Amino acid sequence: MRALDRILSHNENFVAKKEYEKFQTTKFPNKKIVILSCMDTRLVELLPQAMNVKNGDVKIVKSAGAIVAHPFGSIMRSILVAVYELNADEICVVGHHDCGMSNLNADNFLAKAVDRGVPAERIDMLSYSGIDLKQWLQGFEKVEDSVRHSVNAIVNHPLLPNGVPVHGLVIDPATGKLDVVINGYDR
């Protein structure tokens, strides 16, 4: 059975048995926090448990590496929507050790794209059009530096209201231990 078929089969039973009822809450986060975390599969259940958050407590935004790559991209927009429309009062950026974005190599990435059927001419066209794919696919060497970068991008955003604490944390995906990189209360 294909992945989507398995999902839909499970969903039919989930709805029929009203299993959704135990997850019902409002769209407003109880703890008034928005978390930007990495999309790493190891964090799906570990991160909420390590941070003591349950369904309805926080807004979680995910991106590869917990990176705010562009000040007016969808990640930053989601964070601002959480603040202005959904009553989030604090922001946490949570990176993690052993991240797939650490030391990401643009040339290797693009070679994999070609291997999977993306024509090399298309990649060349993007480059000729002024898109800096090497910059766009840039990873990081140290997760702490990446967290600092994302925190600074958020803190310095012209639409972020004054007084919103922006914290930077790193989680160990093996143990769930959180280390503070930036305490937003100290800013």
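The values are calculated or read from the model by the stated rules, or taken from the named source; none is laboratory data. Being a predicted model, the structure only gives us computed values, none of them experimental. Cβ sites come from the backbone with ideal geometry, for glycine too, and all protein chains shown count toward neighbours. The area values use the complete protein model at the heavy-atom level, side chains included, leaving out ligands, DNA and RNA. Shrake-Rupley method; radii C 1.70, N 1.55, O 1.52, S 1.80 Å.
Things worth noting here:
- On the basis of the beta-carbon distance and an R0 of 45 Å, residue 81 and residue 124 show a calculated FRET efficiency of 0.80.
- Under the convention that each Lys and Arg Cβ holds +1 and each Asp and Glu Cβ holds -1, the size of the dipole of the chain around its Cα centre is about 520 debye.
- Normalised by the number of residues in segment 33-187, the average gap of Cα pairs under 8 Å and 6 or more apart makes the relative contact order 29 percent.
- Relative contact order (%) - criterion: Cα under 8 Å, at least six apart; region: segment 83-167: 49
- Given [x] 29, 25, 17; [y] 44, 17, 16; [z] 25, 18, 16, the label whose value is semi-axes √(5λ) of the Cα gyration tensor in Å derived from this model: [x]
- Segment 18-54 residues near the modelled residue 74 label - backbone nitrogen below 18 Å, point 7 Å along Cα→Cβ: 35-41
- Full extension of the chain segment joining residue 39 with residue 52 gains 2.8 nm, where the gain is 0.36 nm per residue of separation less the Cα-Cα distance.
- Prolate/oblate/rounded call for segment 78-120, Cα gyration tensor, a/c under 1.5 rounded: oblate
- A 1.4 Å probe run over segment 129-187, with the rest of the protein chains in place, finds 60 Å² accessible per residue.
- For residue 185, the solvent-accessible surface computed with a 1.4 Å probe is close to 140 Å², ligands and nucleic acids excluded.
- Cβ-based charge dipole, the chain, positive-most Cα from 7, 51, 64: 7
- Segment 52-149 shape via C-alpha gyration tensor axes, a/c threshold 1.5: prolate
- Rounded to the nearest 20 debye, the dipole magnitude of segment 86-187 is 140 debye, with +1 charges on Lys and Arg beta carbons, -1 on Asp and Glu beta carbons, and the Cα centre as origin.
- Simple rule: put +1 on each Lys or Arg Cβ and -1 on each Asp or Glu Cβ in the chain, find the dipole, and look at 165, 101, 130; the Cα lying farthest toward the positive end is 165.
- Area accessible to solvent at residue 6, 1.4 Å probe radius, in Å²: 130
- Solvent-accessible surface ranking, highest first, for 98, 89 at 1.4 angstrom: 98, 89
- In the chain, the portion of solvent-accessible area held by carbon and sulfur atoms comes to 53 percent [1.4 Å probe, whole percent, DNA, RNA and ligands not counted].
- The simple spin-label model puts a point 7 Å past each Cα toward its Cβ; for residue 186 and residue 109 those points are separated by 3.1 nm.
- Shape category assigned to segment 9-63 from the gyration tensor of Cα positions, a/c cut at 1.5: oblate
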